[in-house]
Amino acid sequence: MAQAAKSKKAKPKAAQTAVKDAPNWPLLGLAVIGMVLAAYLTVMAWQERLVAFCAAGSACDAVLSSRWSTLFGVPTSFWGFLTYALLAAIAWNKRNASQWKAAWIISSESTPW
């Protein structure tokens, strides 16, 4: 009787580490949205134009034109675009056990504390 109870509780190891063959659609969707927004901000910074819904002299204009808005002479939004592109690449690959770990590492390392 005890062996029958044990065999019912024991699950095959393959079933515990099941992996889906499709991309991670939620992560991919969010990464693509981030890429679009970061690309827009980068293009506006390179063309030295005002961002939509951001009036001259407003708080968002002060942030986008501050000395902290660039890193190594490149707009910070460009670095954000690269980060979102890397997250999209991770999401596009077939799911594996370490996909969320890789996404967490990329997003946490690119965020200044």
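Points worth noting:
- Flag if residue 50 is surrounded by 11 or more Cβ atoms within 10 Å (Cβ to Cβ), among the hydrophobic types (A, V, I, L, M, F, W, C) and assigned to a loop (DSSP other than H, G, I, E, B): yes
- Scanning the stretch 31-72 for residues that are within 27 Å of residue 104 (Cα to Cα) and small (Gly, Ala, Ser) yields 31, 34, 38, 39, 69.
- Count of the stretch 78-102 residues which are closer than 15 Å to residue 24 by Cβ and among the hydroxyl-bearing types (Ser, Thr, Tyr): 2
- Only listed residue being loosely packed, with under 14 Cβ neighbours inside 10 Å, among the small types (Gly, Ala, Ser) and modelled with pLDDT under 95, chosen from 69, 110, 58: 58
- Restricting the stretch 56-70 to residues that are among the polar types (S, T, N, Q) and under 26 Å from the mean Cα position of the chain (by Cα), the residue that is farthest from residue 43 (Cα to Cα): 66
- Subset of the stretch 92-104 that is hydrophobic (A, V, I, L, M, F, W, C) and over 9 Å from the mean Cα position of the chain (by Cα) - its residue that is surrounded by the most Cβ atoms within 10 Å (Cβ to Cβ): 102
- Pair list, Cβ < 9 Å and 6+ apart or interchain, from the stretch 63-92 residues that are without any contact (Cβ under 8 Å) to a residue 12 or more places away in the chain and closer than 25 Å to residue 53 by Cβ to residues that are surrounded by fewer than 16 Cβ atoms within 10 Å (Cβ to Cβ) and β-branched (Val, Ile, Thr): 76/70
The values are calculated or read from the model by the stated rules, or taken from the named source; none is laboratory data. All values derive from a computational prediction rather than experimental measurement. Cβ atoms come from the backbone with ideal geometry, glycine included; neighbour counts cover every protein chain shown.
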